[in-house]
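The values are calculated or read from the model by the stated rules, or taken from the named source; none is laboratory data. Quick caveat: nothing in here was measured; it's all calculated off a predicted structure. Every residue, glycine as well, gets a Cβ built from its backbone with ideal geometry; the counts of neighbours run over all protein chains shown.
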């Protein structure tokens, strides 16, 4: 096998910033790249070579107009699964049977993960606020009320692997926020809607609505509502390019969490870091295929040591070939001039996962603004955040951590401000309102004050 062709950049001689800009563009869901096989599949289905974004629009519009008939049509054509309105939903009998088939150890793990997630998500829930403002002798009461959303839809992948962890990392934050109705959509595959681990996880959480439908048609069904699948208020959860673009398409009809792309990690490492640990961290994200793994260090000997460790570990892993391709396409080993340059480069890429592999990571943490989740020290691999720590593993990708946040219980909360004046308090503030309304030419605003003070 040829040596690993991962990009290596010495910032004293090369431009790492341009590499990061290129990576950010590659990893964002632009929706304008499709494989030859995918292009042919589109032609077979629609009769013309549409872009993924055009495919998503066609599917979503069709589901909106034809409902469950369109959902089942695309499920048949794209997933090769013929379902009916009565078989698209997983029955309670099937959910119970899944719980009986999995091991007690798995159920115990689900319970522990649920407990960890709920503990963290409860701690970050907002509290109602109330202030009393005096206007002269009068009192105005102002409040902020927080209520959970009523109904949420969750997309769970099921193409190349089963993801019960995604059920936990999306549903438990919603349940902790107080959401009563949760609908899971998952592709009708052996890794999805027919996977006992995934179904048992849903059942153990008390989720009764699980639908065997994936892709853009699943997103559209949740957003618009179809026969047997009532519409939701918000759609969350990861998926492939078509799921991401469909979520973008329906935003406005419903809320969404983010438009997620491939997994990413940056490892910031100093001279105390171990090369074999770092290699394992980079591969753990690259094995998602696609997935990006980038090392940034100012300790030069670490570059060669990590590359050697990557070669060794890739040769031993089941998904080593897939991870190798991802590292060659989306990975890099970067030698920064110093810690400050390493921090600046990290903020430029704004990674989904940031692992600060240092003995004293707090020093570097203070220099970092942009990251979805941050893992501190040599013994906190990203896998802990993926599976058990507590914060959700649904995180911003493709550079969106500059402005977006990881999924949390707070994302399922609807805020309302509550304002209460009496007549005397209204009179005390009336002149300020009149002046602003005059400046903006909105005379009806003034009139709504004046009519109450006659």
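Could you grab me the full set of residues in the range 400-428 that are assigned to a helix (DSSP H, G or I) and either free of Cβ contacts under 8 Å to residues at least 60 places away in the same chain or surrounded by 15 or more Cβ atoms within 10 Å (Cβ to Cβ) (or both)? Talk me through it step by step, then tell me what you get.
Of the range 400-428, the ones assigned to a helix (DSSP H, G or I) are 400-402, 409-412, 423-428.
400, 401, 402, 409, 410, 411, 412, 423, 425, 426, 427, 428, listed by residue number.
Note down all Cβ pairs under 7 Å where the first residue falls in the range 8-26 and is assigned by TED's automatic domain parsing to the domain that holds residue 303, the second is surrounded by fewer than 16 Cβ atoms within 10 Å (Cβ to Cβ), and they're at least six residues apart or on different chains.
11/337; 12/337
If you go through the range 223-230 one residue at a time, do you hit one that is assigned to a strand (DSSP E or B) and surrounded by fewer than 23 Cβ atoms within 10 Å (Cβ to Cβ)?
First, pick out the residues of the range 223-230 that are assigned to a strand (DSSP E or B): 226, 229.
Going one step further and asking which of them are surrounded by fewer than 23 Cβ atoms within 10 Å (Cβ to Cβ), we end up with none.
No, the range 223-230 has no match at all.
Could you check, for the range 249-265, whether at least one of its residues is farther than 25 Å from residue 103 by Cβ, in contact with a strand residue (DSSP E or B) (Cβ under 9 Å, 6 or more places away or on another chain) and part of a helix (DSSP H, G or I)? Steps first, answer last, please.
Within the range 249-265, the first condition is being farther than 25 Å from residue 103 by Cβ, and the residues that meet it are 249-265.
From what is left, the residues that are in contact with a strand residue (DSSP E or B) (Cβ under 9 Å, 6 or more places away or on another chain) are 250-251, 254-259, 262-265.
So of that shortlist, the ones also part of a helix (DSSP H, G or I) come out as 250.
Checked the range 249-265: at least one residue is farther than 25 Å from residue 103 by Cβ, in contact with a strand residue (DSSP E or B) (Cβ under 9 Å, 6 or more places away or on another chain) and part of a helix (DSSP H, G or I).
On the given criteria, is residue 299 touching a residue at least 12 places away in the same chain (Cβ under 8 Å) and within 20 Å of the chain's Cα centre (by Cα)?
Details: touching a residue at least 12 places away in the same chain (Cβ under 8 Å): yes; within 20 Å of the chain's Cα centre (by Cα): no.
Judged against the criteria, residue 299 is not a match.
Might you let me know whether the range 105-123 holds any residue that is over 27 Å from the mean Cα position of the chain (by Cα), over 30 Å from residue 55 (Cβ atoms) and either outside the structural domain of residue 205 (by TED's automatic domain parsing) or not in a loop (DSSP other than H, G, I, E, B) (or both)? Step through it out loud before you land on a result.
Step one: filter the range 105-123 for residues over 27 Å from the mean Cα position of the chain (by Cα), giving 105.
Adding the requirement that they be over 30 Å from residue 55 (Cβ atoms) leaves 105.
Now narrow it down to the ones that are either outside the structural domain of residue 205 (by TED's automatic domain parsing) or not in a loop (DSSP other than H, G, I, E, B) (or both): 105.
Looking through the range 105-123, at least one residue is over 27 Å from the mean Cα position of the chain (by Cα), over 30 Å from residue 55 (Cβ atoms) and either outside the structural domain of residue 205 (by TED's automatic domain parsing) or not in a loop (DSSP other than H, G, I, E, B) (or both).
Going through 352, 316, 328, 300 one at a time, which residue ends up being more than 21 Å from residue 371 (Cα to Cα) and in contact with a strand residue (DSSP E or B) (Cβ under 7 Å, 6 or more places away or on another chain)? Steps first, answer last, please.
Numbers: 352 fails: more than 21 Å from residue 371 (Cα to Cα); 316 fails: in contact with a strand residue (DSSP E or B) (Cβ under 7 Å, 6 or more places away or on another chain); 328 fails: in contact with a strand residue (DSSP E or B) (Cβ under 7 Å, 6 or more places away or on another chain).
That would be 300, the only listed residue that is more than 21 Å from residue 371 (Cα to Cα) and in contact with a strand residue (DSSP E or B) (Cβ under 7 Å, 6 or more places away or on another chain).
Which condition from (1) part of a helix (DSSP H, G or I); (2) touching a residue at least 60 places away in the same chain (Cβ under 8 Å); (3) crowded, with 17+ Cβ neighbours inside 10 Å; (4) assigned by TED's automatic domain parsing to the domain that holds residue 338 is the one that residue 383 breaks?
(3)
I'm checking my understanding of the structure. Among residues of the range 177-190 that are over 16 Å from residue 151 (Cβ atoms) and in contact with a helix residue (DSSP H, G or I) (Cβ under 8 Å, 6 or more places away or on another chain), which one is surrounded by the most Cβ atoms within 10 Å (Cβ to Cβ)?
Step one: of the range 177-190, the residues over 16 Å from residue 151 (Cβ atoms) are 186-190.
Next, from what is left, pick out any that are in contact with a helix residue (DSSP H, G or I) (Cβ under 8 Å, 6 or more places away or on another chain): 186-189.
Details: 186: 31, 187: 27, 188: 22, 189: 19.
Top of the filtered list is 186.
Keeping to the range 76-104, report how many residues are in a helix (DSSP H, G or I) and closer than 21 Å to residue 167 by Cβ.
Looking only at the range 76-104, we keep the residues that are in a helix (DSSP H, G or I), and these are 76-79, 92-101, 104.
Adding the requirement that they be closer than 21 Å to residue 167 by Cβ leaves 79, 92-101, 104.
Number satisfying all stated conditions: 12.
Tell me, please, whether a residue that is free of Cβ contacts under 8 Å to residues at least 40 places away in the same chain, surrounded by fewer than 22 Cβ atoms within 10 Å (Cβ to Cβ), touching a helix residue (DSSP H, G or I) at 6+ places or on another chain (Cβ under 9 Å) and farther than 26 Å from residue 26 by Cβ can be found in the range 336-358.
no
Residues to consider are 304, 315, 309; find the one that is surrounded by fewer than 17 Cβ atoms within 10 Å (Cβ to Cβ), more than 28 Å from the chain's Cα centre (by Cα) and either touching a residue at least 40 places away in the same chain (Cβ under 8 Å) or farther than 21 Å from residue 13 by Cα (or both).
315
With the range 1-75 as the region, which helices (runs of 4 or more DSSP H) entirely inside it contain at least 3 residues that are within 24 Å of the chain's Cα centre (by Cα), surrounded by fewer than 18 Cβ atoms within 10 Å (Cβ to Cβ) and modelled with pLDDT under 90? Step through it out loud before you land on a result.
Details: elements: 16-27, 36-46, 52-66.
Helices (runs of 4 or more DSSP H) meeting the threshold: 16-27.
Could you run through the range 239-248 and say how many residues are assigned to a loop (DSSP other than H, G, I, E, B) and under 16 Å from residue 41 (Cβ atoms)? Spell out how you get there, then give the answer.
Going residue by residue through the range 239-248, those that are assigned to a loop (DSSP other than H, G, I, E, B) are 239-240.
Next, from what is left, pick out any that are under 16 Å from residue 41 (Cβ atoms): 240.
Total meeting the criteria: 1.
Is the range 103-112 home to any residue that is crowded, with 18+ Cβ neighbours inside 10 Å and closer than 30 Å to residue 245 by Cα?
No; the residues of the range 103-112 include none that is crowded, with 18+ Cβ neighbours inside 10 Å and closer than 30 Å to residue 245 by Cα.
Which of the residues belonging to the range 193-202 are surrounded by fewer than 24 Cβ atoms within 10 Å (Cβ to Cβ) and in contact with a helix residue (DSSP H, G or I) (Cβ under 7 Å, 6 or more places away or on another chain)? So that I can check it myself, show each step before the final result.
The initial filter retains those residues of the range 193-202 that are surrounded by fewer than 24 Cβ atoms within 10 Å (Cβ to Cβ), namely 194-197.
If the condition is that a residue be surrounded by fewer than 24 Cβ atoms within 10 Å (Cβ to Cβ) and in contact with a helix residue (DSSP H, G or I) (Cβ under 7 Å, 6 or more places away or on another chain), then 196, 197 are the ones that fit.
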